[in-house]
Amino acid sequence: MPDYKVYYFNVKALGEPLRFLLSYGNLPFDDVRITREEWPALKPTMPMGQMPVLEVDGKRVHQSLAMCRYVAKQINLAGDNPLEALQIDAIVDTINDFRLKIAIVAYEPDDIVKEKKLITLNSEVIPFYLTKLNVIAKENNGHLVLGKPTWADVYFAGILDYLNYLTKTNLLENFPNLQEVVNKVLDHENVKAYIAKRPITEV
């Protein structure tokens, strides 16, 4: 079995889906949490000067979705054929689009611009995505694609706390089918075990 290390700050955010996937598949990994003070010295050693980074047998790779997809293949959550893999990727990319649309507003430095963007985000963008995904989850028996567990479910469950943090809401409050997707992941014994031992962080 490869030697896995996850390098990221002591937050959930973009690192948590990767940690969830490794845990889900019972793949042991070193959960290396870098402090803000340590980061400047470490930054030049990372492939693109950013994290999260996954180290596999000493080889460091970046790009959070690529890393998640790699782990998903190791634990048979990436589809049984190229068409299934495509359908999973499409859902994951949709979730990531949603994240980016939220993040661009959350991190907007100009307060006046941010207020305007928030109106559109809250009244149009968030309801659009969650309504669509909620229907998809219902059609797929409490999963996001293919009617079975895939890494799309785990990715969504892993990124949700960060999305709630960015929006200062409980996004799934009125979307029970999506909540079912997340609950199935959180109820997985290996994910439960990881959550029980991870550091408590605000985001």
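Can you find, within region 1-28, the residue that is farthest from Leu160 (Cα to Cα) among those that are open to solvent by less than 30 Å² (accessible area, probe 1.4 Å) and charged (D, E, K, R)? Result: Arg19. Would it be correct to say that Lys138 is modelled with pLDDT of 95 or more and assigned to a helix (DSSP H, G or I)? Yes: the conditions hold for Lys138.
Here Asp31 clears all of (1) in contact (Cβ under 8 Å) with a residue 60 or more places away in the chain; (2) more than 12 Å from Trp151 (Cβ to Cβ); (3) touching a Phe, Trp or Tyr at 6+ places or on another chain (Cβ under 6 Å) except the condition numbered (3). Residues of region 29-49 that are within 19 Å of the chain's Cα centre (by Cα) and loosely packed, with under 13 Cβ neighbours inside 10 Å: Asp30 alone.
Scan Lys148, Lys138 and give me the residue that is free of Cβ contacts under 8 Å to residues at least 40 places away in the same chain and either touching a Phe, Trp or Tyr at 6+ places or on another chain (Cβ under 8 Å) or open to solvent by 70 Å² or more (accessible area, probe 1.4 Å) (or both).
Working: Lys148 fails: either touching a Phe, Trp or Tyr at 6+ places or on another chain (Cβ under 8 Å) or open to solvent by 70 Å² or more (accessible area, probe 1.4 Å) (or both).
Only one candidate passes the filter, namely Lys138.
Filter region 77-102 for residues that are small (Gly, Ala, Ser) and out of contact with any Phe, Trp or Tyr (no Cβ under 7 Å at 6 or more places or on another chain); which is most open to solvent (accessible area, probe 1.4 Å)?
Ala90
Across region 161-181, the number of residues qualifying as open to solvent by less than 30 Å² (accessible area, probe 1.4 Å) and either touching a Phe, Trp or Tyr at 6+ places or on another chain (Cβ under 6 Å) or assigned to a loop (DSSP other than H, G, I, E, B) (or both) comes to 2.
In region 180-194, the residues that are in contact (Cβ under 8 Å) with a residue 24 or more places away in the chain reach residues that are among the charged types (D, E, K, R) and crowded, with 19+ Cβ neighbours inside 10 Å with C-beta atoms within less than 7 angstrom, at least six apart or across chains, in these pairs: Val181/Asp153; Lys184/Asp153; Val185/Asp153; Tyr194/Arg19.
The values are calculated or read from the model by the stated rules, or taken from the named source; none is laboratory data. As the structure is a prediction and not an experimental result, all values here were calculated from the model. For neighbour counting, all protein chains shown are included, and Cβ atoms are generated from backbone atoms with ideal geometry for every residue, glycine included. Areas reflect the complete protein model, heavy atoms only, side chains present, ligands, DNA and RNA absent. Shrake-Rupley method; radii C 1.70, N 1.55, O 1.52, S 1.80 Å.
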